[in-house]
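S.K.: Take this structure first; my questions come after.
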Amino acid sequence: MNRIVRTTAFALSLLLLPLVAFAAPTQYQLQVDGLACPFCAYGIEKELNRTDGVENIRIDINAGTVTVTMAEGGTMTEAQASRIVEDAGFTLGGFEEVRAQASNKPE
Amino acid sequence: MKANPIAVLLVGLLAVAAAMPARAHGPLFSPAPETIFKGGTEVTLGFHTAKTTGGGDREKEYEAFVEAEYGLTADWEIGIEVPYTWKKSNGLDANGVGDIVLDTKYQFWRRDLPGAQYKAAAFFKTKLPTGDDGGQPRIGSGSTDVIGGLATGYESRRWYWFVSGLYRVNTEGAGGLEKGDRQFLNVVGGVRPVLTEYEEPDTVVMLELNWERAGRDDLNGAGLADTGGWELFLSPVVWWTYRQVAIRGGVQFPIAEGLNGNQATSDYRARLEFIYHF
């Protein structure tokens, strides 16, 4: 019986290990309406870099999206994202939390 | 050691640009509907030259200027432009600080779409009589003039267009000369030939059509015959940007004119601007 418990516990720990060791950071994808040129998009990068908890920003100018990676424990609300985008001169067209690629390193 | 006031002003304007935001592409020789967002500052260092000949006159002008804009809100900005002018007219030379311009712009409409933006703004400028109007040629007009207008436009990943109209009211200046009021109409098209990614150099080319009309000048209340009329310019413009750095330049070529009497006409005008965000 003890052997079965130990084996089960070992198997579970093996399954959970990747989740602990490679905890994925929280990411949000912002659909930014009005985003048409790289020069304009720099304003969004600046606004997001001033925001607490933001660790990395990836702008896809052709898709009109901004992917925001938060530092560990950091979160962003849709209202917060909307204000940042409005302050940069654009409109938030969509906001969703996306599954980040598992990695033990920041991007 | 006495500080040069122009150097102090330039340093001051650069210093307030610490929170500079990015702005969209706009025309070079006509107003754009873009505004800076709240708390943002933008500084432009520019160079402008113009040459006019005809009617027995020959004038060439070079102007360096610094312009700063500040966003009171996301839709409302104020600004100042300080020029330094070198002028050569019929063998005489003069240079000095020109007429300082104060301006404000309010973007009253904006519609954002995926990858595109429509917008419209109203603007108002005041040109102050700060330039030397006592020498020959005159660097300043000696008059306080006001300019008002509307601009609208569309910007997408590939295409641009802008339309604007301005009216300039001139008042009596140095020597009792009151320049005629001026009207301006502008139509602009632009294209981004290559769609680049965010962190790549980006180029946009534009073609402006600029129509200008001036009323007759008055000298001590009497109209001057060889003044006023209209000119039409075709103006190619190139924008080059890389992240927070922008360089834009263009030339205005006169393609048609209907000037009154015998007077000098424009040969060309050229403008180059450096914009840096930091």
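Any read-out appearing in this document is the output of simple, stated calculations on the displayed coordinates, not a laboratory observation. Being a predicted model, the structure only gives us computed values, none of them experimental. Ideal geometry is used to build each Cβ from the backbone, glycine not excepted, and the neighbour counts take in all protein chains shown.
S.K.: Collect residues whose amide H, placed 1.01 Å from N in the peptide plane, falls under 5 Å from the amide H of residue B:259; neighbours closer than 5 in sequence don't count.
M.R.: B:230
S.K.: Something else now. Would you pull out the residues with amide H under 5 Å of residue B:130's amide H, same chain only if 5 or more places away, H placed 1.01 Å from N?
M.R.: B:100
S.K.: What value does the range B:157-221 have for Rg/Rh, both radii from Cα atoms and Rh as Kirkwood defines it?
M.R.: Working: Rg = 19.3 Å, Rh = 14.9 Å.
Answer for the range B:157-221: 1.30.
S.K.: Further question on the same structure: Chymotrypsin sites (Phe, Trp or Tyr not before Pro) within the range B:131-172: which are DSSP loop residues with at most 15 other Cβ atoms inside 10 Å?
M.R.: Numbers: sites: B:154, B:159, B:160, B:161, B:162, B:167; in loops: none.
Answer by residue number: there is no such site.
S.K.: Follow-up question, since we're still on this one. HN-Hα J couplings of the range B:187-200 from phi, Karplus 6.51/-1.76/1.60, θ = phi - 60°, integer Hz, Gly and Pro as x?
M.R.: After applying 6.51 cos²θ - 1.76 cosθ + 1.60, I find 10, 9, x, x, 8, 9, x, 10, 7, 8, 7, 4, 9, 10 Hz.
S.K.: So who's got an amide H within less than 5 Å of the one on residue A:55, skipping anything under 5 residues away but keeping other chains? H placed 1.01 Å off N, in plane.
M.R.: A:69, A:70, A:71
S.K.: Then there is this: Rounded, prolate or oblate: which fits the protein assembly as shown, taking a ≥ b ≥ c as square roots of the Cα gyration tensor eigenvalues, rounded meaning a/c under 1.5, else prolate when a/b beats b/c?
M.R.: The shape class here is prolate.
S.K.: Report, please, the projected area of the range A:24-99 averaged over directions, based on the convex hull of its C-alpha atoms, in nm².
M.R.: 4.3 nm²
S.K.: Compute the signed sum of charges (Lys and Arg +1, Asp and Glu -1) over the other residues within less than 13 Å, Cβ to Cβ, of residue B:190.
M.R.: Details: positive: B:157, B:158, B:192, B:248; negative: B:155, B:202, B:208.
Net of charged neighbours comes to +1.
S.K.: So for the range B:161-270, Kirkwood radius off the Cα pairs, Stokes-Einstein at 10 °C and 1.306 mPa s: how many µm² s⁻¹?
M.R.: Numbers: Rh = 16.3 Å.
The Stokes-Einstein estimate is 98 µm²/s.
S.K.: Taking chain B as a Gaussian network, Cα atoms linked when under 10 Å apart, which of B:169, B:188, B:237 shows the biggest mean-square fluctuation?
M.R.: B:169
S.K.: What does the charge count near residue B:173 come to, summing +1 for each Lys or Arg and -1 for each Asp or Glu among other residues with Cβ under 9 Å from its Cβ? All intermediate terms of the calculation are to be shown ahead of the outcome.
M.R.: On the way: positive: B:138, B:179; negative: B:133, B:145, B:172, B:178.
Computed value for this residue: -2.
S.K.: DSSP loop (so not H, G, I, E, B), at most 16 other Cβ within 10 Å: list which GluC sites (Glu not before Pro) in the range B:51-115 pass both filters.
M.R.: On the way: sites: B:59, B:61, B:63, B:67, B:69, B:77, B:81; in loops: none.
Loop-located and lightly packed - none at all.
S.K.: What is the dipole size for chain B, taken about its Cα centre, with +1 at each Lys and Arg Cβ and -1 at each Asp and Glu Cβ, in debye to the nearest 20? The partial results should precede the final answer.
M.R.: Working: 27 positive and 35 negative charges, 84 e Å.
Rounded to the nearest 20 debye, it is 400 debye.
S.K.: Can I ask one more? Under Stokes-Einstein, with the Kirkwood radius over Cα pairs standing in for Rh, what whole-number D in µm²/s applies to chain B at 20 °C and 1.002 mPa s? Can you show the working numbers first?
M.R.: Working: Rh = 19.8 Å.
Diffusion coefficient, whole number: 108 µm²/s.
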